[in-house]
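Computed from the coordinates by the stated procedures, all read-outs in this text should not be read as laboratory data. Quick caveat: nothing in here was measured; it's all calculated off a predicted structure. Positions of Cβ are backbone-derived with ideal geometry, glycine not excepted, and every protein chain shown enters the neighbour counts.
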Amino acid sequence: MNLNGLTERENWFRIGYKPDLARVRTHKVPMAILWLVVSCIFPLESRAQVPTYEVTPEASSIKFGVDSSVSIKGTFEKWNASIKFSSRDVRSAFLDLEIEAGSVNTGSHMKDNKLKGKDFFNVKESPMITFKSTKIVQTGPYTFDIEGNFTIRGVTKTEKLTLTSDSKGTPSGSLDGTMAFDRKDYGMTSGIPFIKIANRVEVNVRLNWKQVSGPPPVFEQ
């Protein structure tokens, strides 16, 4: 009888133990789902706290000019620009410019073809001109020095773009910037027949932007 009673109790324990395991597993499943939901929600909330901007092409432009005996000034008709933030600090912004070198427009087909050629932009081998910021320093209430990797003709060097903002914390505005570089540093050592041309090239950028989501960035006072 004792042995049988012990066996019955053992059987009862074993039978009762399986539902307990099942309940533990059942409790773990909702917890795992809850953890997954929480881990998905918080990154979204974090991203929502970062300013999100969009550059609008209307009234935006990228122009260039070089001192010469015959005026050489023009615009680039095709380009993309983006401004991204990793935090609310305005200095965390990243500026990315991509310009199609072949879209140069000086108003003269002869000048355009010369600039697209191998002596200057070398469009066939290096179709894109890019600027990717690496450091932003606020130099005044509305002014910034932006260091970045500037690439033209496949050559990359560090250049500085000086930007001025026309607003703080508004839903839209504009940025005006100037960058100068020595064309010979990028292999543009040739001249243009019968035209005296300087080495310094100035690039002027005007970017109209609008805030898409998130809070405004925080400026230094």
Karplus (6.51, -1.76, 1.60) ³J(HN,Hα), θ = phi - 60°, over region 58-72, in Hz, Gly and Pro reported as x: 5, 6, 9, 6, 10, 10, 8, x, 9, 5, 7, 5, 10, 3, 10
Quick one: plug the Kirkwood hydrodynamic radius of region 56-171 (C-alpha pairs) into Stokes-Einstein at 4 °C, 1.567 mPa s, and report D in µm²/s. 82 µm²/s
Taking 7 Å along the Cα-to-C-beta vector as the label spot, tell me the Asp166-Ala59 distance in nanometres, rounded to one decimal. 0.5 nm
Can you work out the PRE-style zone for Thr143? Point 7 Å along Cα to Cβ, and I want the residues of region 154-172 with backbone N under 14 Å. 161-166
Need one word for region 129-221: rounded, prolate or oblate. Basis is the Cα gyration tensor (sqrt eigenvalues a ≥ b ≥ c); a/c below 1.5 gives rounded, then a/b vs b/c decides. prolate
Enter the Cα centre distance for the pair region 66-121 and region 145-204, rounded to the nearest angstrom. 8 Å
Linear extension gain, Arg200 paired with Glu100, 0.36 nm per residue minus alpha-carbon span: 33.9 nm
Note: Lys132 to Ser86 extended length (0.36 nm per residue) minus current alpha-carbon separation gives 15.1 nm
Short version: ³J(HN,Hα) in whole Hz for each residue of region 181-195, in order, from phi by Karplus 6.51 cos²θ - 1.76 cosθ + 1.60 (θ = phi - 60°), x for Gly and Pro, what are they? 9, 8, 4, 5, 5, 10, x, 8, 9, 7, x, 10, x, 6, 10
Partner lysines for Lys114 [C-alpha distance under 22 Å; skip if fewer than 8 residues away on the same chain]: Lys63, Lys73, Lys78, Lys124, Lys184, Lys196
